[in-house]
Amino acid sequence: AQSVAQPEDQVNVAEGNPLTVKCTYSVSGNPYLFWYVQYPNRGLQFLLKYITGDNLVKGSYGFEAEFNKSQTSFHLKKPSALVSDSALYFCAVRDGKDSNYQLIWGAGTKLIIKP
Amino acid sequence: GAVVSQHPSWVICKSGTSVKIECRSLDFQATTMFWYRQFPKQSLMLMATSNEGSKATYEQGVEKDKFLINHASLTLSTLTVTSAHPEDSSFYICSASLRQGTDTQYFGPGTRLTVL
């Protein structure tokens with residue numbers, strides 16, 4: 001069965017420090033992986049995705065994520081956190097063989113950046 | 001580009017009434033639209049997948065007669081919550097994919113439904 005795990009409900013990081021939000025997945029076929037961010041009282045925004053190619057994917061707002069096939073992980077990273085990065089982050093995966101294009105969602109990780 | 005709107009953003013209704021929520025792709029044609037429900041401090045729960053011109057595919061446990069979905073055009077999908085009850089109070093979010101074969105979903109800002 002397809003699944004996504006975000007093991008941390010909340011991550012606290014001091015401003016200026018690097019941040020990592022963890023995501024692991026399980027799919028039967030090739031994974032298509034996504035990160036979305038939800039700011040308070042706003043809709044979900046697409047950050048980045050991995051379909052194929054380079055394992056390191058760069059996205060919006062300085063975020064990047066590394067696809068690791070052996071560890072079935074797709075952790076979200078940023079070298080230097082900003083207070084404005086505080087939000088709810090969702091990891092999602094789709095099985096590349098799924099013709100319905102449905103995403104399986106993680107539970108979300110609340111990221112808090114402290115000044 | 002790739003902007004999705006929802007209307008209304010917030011609605012309060014009496015128990016037993018029906019509420020229609022619109023989802024529009026403003027600057028692109030969306031072959032596929034998705035409807036989600038989000039409970040406080042929880043992840044998204046996919047309710048149904050809607051392809052233009054065909055019947056929606058509902059997820060297990062979602063009542064298709066209660067949550068009516070119509071995707072009549074490539075830019076508009078509607079979700080109607082029929083005979084709403086307080087337990088239907090939630091945050092409803094739609095998303096749209098640009099075209100088949102493109103995986104990125106673009107999300108609307110959501111609709112907060114409160115049923116009294």
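So in the range A:21-46, with the set limited to residues that are outside any strand (DSSP E or B) and among the polar types (S, T, N, Q), which one is nearest to the other protein chains (Cβ to nearest Cβ)? Full working, then the answer.
Going residue by residue through the range A:21-46, those that are outside any strand (DSSP E or B) are A:22-23, A:27-30, A:39-43.
Subset that is among the polar types (S, T, N, Q): A:28, A:30, A:41.
Numbers: A:SER28: 17, A:ASN30: 12, A:ASN41: 9 Å.
So the residue we want is A:ASN41.
Table: residues versus (1) under 19 Å from B:CYS13 (Cα atoms); (2) facing chain A (nearest Cβ under 9 Å); (3) within 10 Å of the chain's Cα centre (by Cα); (4) not in a strand (DSSP E or B).
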| site | (1), (2), (3), (4) |
| --- | --- |
| B:TRP35 | no, no, yes, no |
| B:PRO40 | no, no, no, yes |
| B:MET45 | no, yes, no, no |
| B:THR49 | no, yes, yes, no |
| B:SER54 | no, no, no, yes |
| B:VAL62 | no, no, no, yes |
| B:GLU87 | yes, no, no, yes |
| B:TYR92 | yes, no, yes, no |
| B:PRO109 | no, yes, no, yes |
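Have a look at B:LYS55, B:LYS64, B:LYS41 and point out the one that is in contact with a strand residue (DSSP E or B) (Cβ under 6 Å, 6 or more places away or on another chain), without any contact (Cβ under 8 Å) to a residue 60 or more places away in the chain and loosely packed, with under 15 Cβ neighbours inside 10 Å. So that I can check it myself, show each step before the final result.
Working: B:LYS55 fails: in contact with a strand residue (DSSP E or B) (Cβ under 6 Å, 6 or more places away or on another chain); B:LYS41 fails: in contact with a strand residue (DSSP E or B) (Cβ under 6 Å, 6 or more places away or on another chain).
That would be B:LYS64, the only listed residue that is in contact with a strand residue (DSSP E or B) (Cβ under 6 Å, 6 or more places away or on another chain), without any contact (Cβ under 8 Å) to a residue 60 or more places away in the chain and loosely packed, with under 15 Cβ neighbours inside 10 Å.
Looking at A:VAL27, A:VAL21, A:VAL13, which is the one that is more than 30 Å from B:GLN6 (Cβ to Cβ) and touching a residue at least 12 places away in the same chain (Cβ under 8 Å)?
Details: A:VAL27 fails: more than 30 Å from B:GLN6 (Cβ to Cβ); A:VAL21 fails: more than 30 Å from B:GLN6 (Cβ to Cβ).
Selected residue: A:VAL13, the only one of A:VAL27, A:VAL21, A:VAL13 that is more than 30 Å from B:GLN6 (Cβ to Cβ) and touching a residue at least 12 places away in the same chain (Cβ under 8 Å).
Going residue by residue through the range A:52-62, is there one that turns out to be under 18 Å from B:TYR36 (Cβ atoms) and either crowded, with 16+ Cβ neighbours inside 10 Å or within 12 Å of chain B (Cβ to nearest Cβ) (or both)? Give the steps one after another, and end with the answer.
So the first thing to find is which residues in the range A:52-62 are under 18 Å from B:TYR36 (Cβ atoms), and the list is none.
No, that holds for no residue.
Which residue is surrounded by the fewest Cβ atoms within 10 Å (Cβ to Cβ), if the candidates are limited to the range B:3-33 and must be more than 16 Å from A:ARG42 (Cα to Cα) and within 11 Å of chain A (Cβ to nearest Cβ)?
B:THR31
Every number in this text was worked out from the coordinates using simple rules, so none of it is lab data. No experiment lies behind these values; they were computed from the predicted model shown. Because the Cβ atoms are built from the backbone with ideal geometry, glycine has one as well, and the counts that use them run over all protein chains shown.
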